Each structure stands twice: as C-alpha cells, then as structure tokens.
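*Asks:* Quick one: the structure is below, questions incoming.
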C-alpha cells in the first residue's frame with residue numbers, strides 16, 4: 001500500500017536542524033582570542049600614556065646657627081658653644097621617612113670646634129620638624145692660620161661657613177651641612193645625606209648602632 005507523502009512546507013523547514021557554517025565559528029573564536037590578546041596591550045599602553053614619570057620630591061634637611069660664643073679669639077683655648085636649629089621638610093609625594101638624630105659636630109676648616117646631641121626623630125612624607133642642637137666644647141683652639149682666616153672673614157663681613165656633621169648610627173647615615181656663621185646667606189643651605197657603610201671585611205653593609 002503506497003503512502004501519500006506531502007511536500008514539506010516552510011513551517012516544517014524551521015523544525016529541521018540547520019547545518020552550521022564552520023566559518024562563522026572560526027570567526028567567533030578568533031574574535032575572542034583577539035580580544036584577550038589585544039586588551040592587555042591596550043591597558044598597558046593606556047597606563048604608559050597617563051602615567052606620571054615625574055621624580056618624587058626630595059626631602060630637605062638644613063641647619064641654621066642661632067647663636068654662638070667663644071669665637072672672639074679663635075686661636076685661644078676657650079670654651080665654645082653653638083645653638084643650632086635642625087629642620088627637616090619631607091614633602092608630600094616623598095616615598096620614605098626622613099630620620100635624623102645622633103651625635104653632632106661643629107667644624108671650621110675641618111677642625112672640630114664643639115660637639116652635641118640631636119634628638120632622634122623620623123618625619124613622614126608630608127611632615128616637617130624643627131629641633132634644637134646645643135653643641136659645646138672645652139678649651140679648644142684653632143690653628144693660627146684658620147683663626148686668622150675666620151677673623152678676616154668676620155671683619156670683612158664675608159661668609160664664615162661652618163660645617164656641621166650629624167652622625168645617625170641608629171639610621172645608618174650621616175648628614176653634612178654648611179651653615180653660615182655670619183655673612184650674607186639669608187636662607188638655610190640644604191644639607192647632603194650620606195649612607196654609612198662598612199667595607200672593612202670586604203662586604204659592603206650599612207652601619208647601624
């Protein structure tokens with residue numbers, strides 16, 4: 001018995017499974033891979049374009065001579081004293097604390113005149129601090145040539161430049177400052193910092209107390 005077969009209609013075609021185009025799948029997979037490969041590169045380029053390569057601001061340490069005594073006759077052996085102000089300015093954007101404190105020495109022409117102690121203090125970024133140092137000595141005299149040079153500079157109202165060394169063993173560094181005793185410098189001269197290192201045994205290491 002023969003069966004009568006009816007032709008397929010369009011509604012029937014919708015029910016039949018469609019043959020997928022393999023090229024479309026490849027395109028989708030390629031697009032996904034491209035996104036994962038290109039997106040990190042785009043993000044890196046964006047960070048480089050908008051990154052701030054400006055170096056961080058440098059902290060500043062300075063010393064000012066507020067007063068002194070015993071320098072009228074620099075060559076004679078008399079007690080000497082210095083009142084110093086130690087200032088630390090650690091601006092915002094700095095990447096580390098600035099720590100000072102320890103033994104301070106006042107020199108002229110490389111010859112020590114007085115010693116004292118500075119209070120230990122760590123100043124964080126965005127902070128500032130000012131401390132006092134009193135340095136004194138016993139009967140210490142300058143060599144005649146240096147005493148004559150100081151007398152000439154004071155008489156001619158020139159810059160009598162001292163040297164202040166602040167050794168901070170607790171923090172592994174020392175600060176060298178050149179404040180003006182008398183003369184024309186109106187603003188403090190920034191100090192320079194140096195890391196204390198020991199290489200006596202061939203190994204370079206920071207000295208700490």
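The values are calculated or read from the model by the stated rules, or taken from the named source; none is laboratory data. These figures come from a predicted structure and were not determined experimentally. A quick note on method: Cβ atoms are made from the backbone with ideal geometry, for glycine too, and the neighbour counts reach across all protein chains shown.
*Asks:* Looking at residue 147 and the list (1) in contact with a strand residue (DSSP E or B) (Cβ under 6 Å, 6 or more places away or on another chain); (2) assigned to a helix (DSSP H, G or I), which single condition is not satisfied?
*Replies:* Residue 147 satisfies all of (1) in contact with a strand residue (DSSP E or B) (Cβ under 6 Å, 6 or more places away or on another chain); (2) assigned to a helix (DSSP H, G or I) except (1).
*Asks:* Which numbered condition in (1) surrounded by fewer than 17 Cβ atoms within 10 Å (Cβ to Cβ); (2) touching a strand residue (DSSP E or B) at 6+ places or on another chain (Cβ under 6 Å) is the only one that residue 118 fails?
*Replies:* (1)
Per-residue answers, yes or no, for (1) under 18 Å from residue 85 (Cα atoms); (2) at pLDDT 90 or above; (3) more than 18 Å from the chain's Cα centre (by Cα):
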{"site": "103", "(1), (2), (3)": "yes, yes, yes"}
{"site": "109", "(1), (2), (3)": "no, no, yes"}
{"site": "139", "(1), (2), (3)": "no, no, yes"}
{"site": "151", "(1), (2), (3)": "no, no, yes"}
{"site": "159", "(1), (2), (3)": "no, no, yes"}
{"site": "163", "(1), (2), (3)": "yes, yes, yes"}
{"site": "176", "(1), (2), (3)": "yes, yes, no"}
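*Asks:* Under 6 Å between Cβ atoms, which residue pairs at least 6 apart in sequence (or on different chains) link something in region 178-193 that is closer than 22 Å to residue 111 by Cα with a partner that is at pLDDT below 75?
*Replies:* Note: pairs meeting the criteria are 183/158.
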